[in-house]
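One structure below.
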Amino acid sequence: MSRIGKMAITIPAGVEVEIAENNVVTVKNSKGTMTQALSPKMVIEKNGQTVTVSRPDDSHESKSLHGLTRTLLNNMIVGLDKGFTKELEVNGVGYRAALEGKKLVLNVGYSHPVNMDPPAGVEIEVPAPNKIIIKGYDKQAVGQFAAEVRGKRPPEPYKGKGIKYASEVVRHKEGKTGAKK
């Protein structure tokens with residue numbers, strides 16, 4: 001039995017969960033609405049303020065989908081209740097981030113500034129020129145946009161310049177040494 005899949009999901013106050021046929025799950029509250037078609041092979045049941053996911057048999061595919069289905073459903077509920085955030089740091093001389101309207105503008109060593117539009121449901125905050133906070137209720141969209149921002153100038157191991165996650169540790173490498181005769 002999947003340790004993750006067998007855990008029940010409690011529905012917080014203010015969040016509504018609807019399960020339609022073929023496991024099309026809709027989660028909504030005041031922040032927004034998320035709809036996702038989960039695997040029709042899984043059995044999703046709502047009992048009062050809890051949702052449980054079970055599998056019909058012990059086939060390899062069912063075992064694989066059990067934990068995944070529960071995690072996707074939990075991410076939808078937690079996202080609309082609390083939301084998800086990713087923090088990025090911009091390191092380097094002259095490297096900075098700014099916000100123009102809803103657009104993120106990065107100056108990260110290129111001959112031109114890099115402009116990035118966030119996807120729907122994702123908000124950006126720039127409290128300092130070297131800090132970017134990405135917020136949203138869709139975990140996949142927040143993580144994907146954070147990865148795209150980081151991908152514009154990933155941290156390099158020699159000087160540590162670039163864009164990195166706040167929790168990421170960049171291992172520094174030693175540079176070349178002079179030639180010995």
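Some points to look at:
- Ordered by 1.4 Å accessible area with all protein chains kept, Leu104, Leu99 run largest first as Leu99, Leu104.
- Per-residue ³J(HN,Hα) for segment 30-47, Karplus 6.51 cos²θ - 1.76 cosθ + 1.60, θ = phi - 60°, Hz, x for Gly and Pro: 5, 6, x, 9, 10, 10, 9, 8, 8, 4, x, 6, 7, 9, 10, 10, 10, 10
- In the chain, helices alone account for a calculated mean residue ellipticity at 222 nm of -6500 deg cm²/dmol, with every DSSP H run of four or more residues adding -39,500 (n - 2.57).
- When all protein chains stay in place and ligands, DNA and RNA are ignored, the 1.4 Å accessible-area order of Arg70, Arg3, Arg96, Arg153, largest first, is Arg3, Arg96, Arg153, Arg70.
- Spin-label pair Glu87-Ala13: with each label point 7 Å from Cα along the Cα-Cβ axis, the two points sit 3.0 nm from one another.
- Cβ-defined net charge surrounding Arg96, 12 Å radius [Lys, Arg +1; Asp, Glu -1]: +1
- Value of relative contact order over segment 1-71, rounded to a whole percent, pairs C-alpha under 8 Å and six or more apart: 35 percent
- Computed from Cα positions, the angle between helix 139-151 and the longest principal axis of the chain comes to roughly 10 degrees.
- Peptides 139-150, 111-122, 58-69 ordered by packing proxy, namely the average of other Cβ atoms within 10 Å per residue, highest first: 139-150, 58-69, 111-122.
- Mean separation of Cα contacts under 8 Å, 6 or more apart, over the residue count of the chain: relative contact order %: 17 percent
- Computed FRET value (nearest 0.05) for Lys28 with Lys6, which takes r as the C-beta separation and R₀ as 22 Å: 0.25
- Percent accessible area from carbon and sulfur atoms, the chain, protein chains only, probe 1.4 Å: 49 percent
- Three-way shape call for segment 52-181 based on the alpha-carbon gyration tensor, with the a/c threshold at 1.5: oblate
- Neighbour net charge for Val53 - beta-carbon separation under 9 angstrom, K R +1, D E -1: +2
- Here's the picture: charge each Lys and Arg Cβ at +1 and each Asp and Glu Cβ at -1 in segment 11-100, and of Thr33, Gly48, Tyr95 the one pushed furthest to the positive end of that dipole is Tyr95.
- The accessible-area ordering, largest first, of the residues Met76, Met34 stands as Met34, Met76, per a 1.4 angstrom probe.
- Exposure check, 1.4 Å probe, all protein chains in place: Tyr165 carries approximately 60 Å² of accessible surface.
- Between 0 and 90°, nearest 10: helix 60-81 axis offset from the chain longest Cα axis: 70 degrees
The values are calculated or read from the model by the stated rules, or taken from the named source; none is laboratory data. All figures in this text were calculated on a predicted structure; none of them were measured in a lab. A quick note on method: Cβ atoms are made from the backbone with ideal geometry, for glycine too, and the neighbour counts reach across all protein chains shown. Each accessible area value is taken on the protein alone, full model and side chains, heavy atoms only, with ligands, DNA and RNA left out. Shrake-Rupley method; radii C 1.70, N 1.55, O 1.52, S 1.80 Å.
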